[in-house]
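So the structure is just underneath, and the comments pick up after that.
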Amino acid sequence: MSHTSTLFPAATAGSWATGGHDGAPLLVIGAGPKAIALAVKSRVLRAAGFDVPEVVAVERDCTAANWREGRGWTNGRQRLGTLPEKDLGFPYDCTTWGDSGDPLVAELAQRMTGFGWTGHLLDLGTYARWIDRGRPQPSHREWAAYLEWAARRADLRTVTGEVRRAELDGGGWELTVEDGGSDTVVRGCGLVVSGPGPTAGVVTADGTRVLDTGDFWRLATRELPVWAQHVVVIGAGETAGSIVRELALGHDRRVTVVTPRATLYSRGESPFENRYYSDPTSWTDLTEADRLEFIRRTDRAVFSQDVQNDLAESAEVSWEPGRVVGTRPSGTGPVSVDVSYGGRQRTLHADLVVDATGGDPLWFTDILGPRADEALRSALGGAASLRGVERAIGTTLAVDGLPAPLHLPNLAAFAQGPGFPNLSSLGLLSDRVLSAYVPFARTENGSPAAAHEAGVPAAASLADQGALHR
Ligand SMILES: Cc1cc2nc3c(=O)[nH]c(=O)nc-3n(C[C@H](O)[C@H](O)[C@H](O)COP(=O)(O)OP(=O)(O)OC[C@H]3O[C@@H](n4cnc5c(N)ncnc54)[C@H](O)[C@@H]3O)c2cc1C
């Protein structure tokens, strides 16, 4: 069965030009932190008189699903790695929308604080106790409750169902959403893809002795079998880090981590490194080699300092450099894990193997309709590759050269700044994305973002424009 959403009318060809939205919403796949941060910023900007699109999330599960137990990414008790003050509005610099001295900018920041982490605690009546307890990191479950609170407060509209197809349509996007056997079509002026994507995996999971991330968390939430005394975890990023912590500290298991690098590196969290996460000013002035090195040292295949500190308490965690090239089960006994490193191959034996190599960031290319697929190929000059897409991301975190914006913050680290794929600067992420629909909005280096990308002439005075839009 198929029906068209009554939410929004079908677009007539060319009616939704980049740099405007004509009343059509911005669509986000997934109702996680990025969708909620965008909904909050959109609401605050609209309340202040800016003509930005409303945000509509399409979610197959529930708000902040990936931060709750039973969904395959956590048991809900794991602690958030980032400071909770890096919340939906962080870094609260709203100069995309006016000069730093403009009272409008201060007003926007002020309105945003109403959706912050501490606002949530104040609402719960637990703020003073949280301070007295030494500002502990929230669990993923507590973080999900915060996100849900903010989504409600921002009136985030959510369409329930799984996005099965994303197609370009009359200058906008059209999503085919499946829910309980029936399809709904939802249209919008732009599309944001959020979430880590389904786990790709380097070995084939069998659900018993070889698990993927989702299998692991579902099992750990129930009960980890006693026979799983020695576990090999494949991967050395944050997904692997939380699994290793759960195994070693939550279940007293012996863990060997197979990492593609020399050891289990920690995330750099010095003020100098953090600066680029909160404020990517001058990021694009860095050489490509320096940007790649920065991401490798501080973000990819590193454990957070929180995880590292916890793991220091256990003597049961070791590592093996290399890449897993295959696993061989032996009936009900241990699994053989073949590891290749430096041209040599060796075999480890484990009771249980967990493939924690993370999600596939290009998963969305599988759901693109033929027009969108063709347009993406033409914008990239060939088939979508990780490196090709990463290089094509513009200031609004969208792929340059598409007829309607496709924002890919998870792939924006290399071109725009390391904080965009994660929780480090959700406020700035929202400014960048929403600026695509307001011709005079500015990017961090002072150039008018949407005007630049859409060929719309820049407005003369931001102060004047602020007055116009109030
Ligand atoms: C366990 C874990 C802990 C992390 N901790 C931190 C941290 O402390 N700090 C940090 O900076 N980063 C952290 N990250 C990394 C990253 O920042 C977060 O994963 C990311 O910010 C999540 O936000 P999001 O909005 O992109 O997506 P998510 O919160 O992952 O939400 C994506 C949503 O999309 C839905 N969805 C997916 N596909 C479809 C579809 N086809 N149709 C409909 N709905 C769909 C999912 O159900 C999900 O609700 C963590 C990641 C994980 C997995």
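List of remarks:
- Computed E for Thr221/Asp285 - FRET, C-beta separation, R0 51 angstrom, nearest 0.05: 0.65
- Sorting 337-346, 94-103 by their mean Cβ neighbour count within 10 Å, with the most densely packed peptide first, gives 94-103, 337-346.
- Positive minus negative residues near Ala205 (Lys, Arg vs Asp, Glu; Cβ under 11 Å): -3
- Built amide H within the under 5 Å cut-off of Val354, gap 5+: Leu211, Val232, Val233, Ile234
- With only Cα atoms counted, the stretch 256-393 has Rg and Dmax values of 19.5, 56 Å.
- Extension gain, Arg297 to Asp61: 0.36 nm times the residue separation minus the Cα-Cα distance gives 81.6 nm.
- Couplings 3J(HN,Hα) for the stretch 421-434, derived from phi with the Karplus relation 6.51 cos²θ - 1.76 cosθ + 1.60 (θ = phi - 60°), are x, 10, 9, 6, 7, 5, x, 5, 3, 5, 4, 4, 5, 5 Hz, where x marks Gly and Pro.
- Averaging 1/r over each pair of different alpha-carbon atoms in the stretch 281-347 and inverting the result gives 15.7 Å, the Kirkwood hydrodynamic radius.
- Dipole axis of the chain (+1 Lys, Arg; -1 Asp, Glu on Cβ), positive-most option in Ala404, His120, Gly70: Gly70
- Phi-based couplings in Hz for the stretch 39-49 (Karplus 6.51, -1.76, 1.60; Gly and Pro marked x): 5, 5, 5, 4, 5, 5, 5, 5, 5, 8, x
- A straight line joining the Cα centroids of the stretch 286-349 and the stretch 222-276 runs 9 Å.
- Over the C-alpha atoms of the chain, the Rg to Rh ratio, Rh being the Kirkwood estimate, stands at 0.98.
- Separation of the Arg46 and Arg328 label points, Cα + 7 Å toward Cβ, nm: 6.0 nm
- Amide H to amide H distances under 5 Å link Arg165 with Thr176, where only residues 5 or more positions off or on other chains count and H is placed in the peptide plane.
- Taking a sphere under 10 Å around the Cβ of Thr298 and counting the other residues whose Cβ falls inside, with K and R at +1 and D and E at -1, yields a net charge of 0.
- Residue-wise HN-Hα coupling along the stretch 145-162, computed from phi with Karplus coefficients 6.51, -1.76, 1.60 (Hz; x: Gly, Pro): 5, 4, 4, 5, 4, 5, 4, 5, 4, 8, 6, 4, 8, 10, 9, 8, x, 9
- Sequence ranges 106-113, 123-130, ranked by mean other-Cβ count within 10 angstrom, highest first: 106-113, 123-130
- Shape parameters for the stretch 172-272, alpha-carbon atoms, Rg then Dmax in Å: 18.8, 53
- Percent of C-alpha pairs per 5 Å bin, the stretch 86-158, short to long: 3, 15, 22, 21, 17, 11, 8, 2
- CD proxy at 222 nm, helix term only [per DSSP H run n ≥ 4: -39500 (n - 2.57); per residue of the chain; nearest 500]: -8500 deg cm²/dmol
- Were the residues from Glu178 through Ala383 laid out at 0.36 nm apart, the gain over their Cα-Cα distance would be 71.1 nm.
- For Ala200 and Asn309, the difference between the fully extended length at 0.36 nm per residue and the C-alpha to C-alpha distance is 36.4 nm.
Readers should treat all values here as calculations from the given coordinates under stated rules, not as data from a laboratory. Computed from a predicted structure; not experimentally measured. Reconstructed Cβ throughout: ideal geometry from the backbone, glycine too, with neighbour counts over all protein chains shown.
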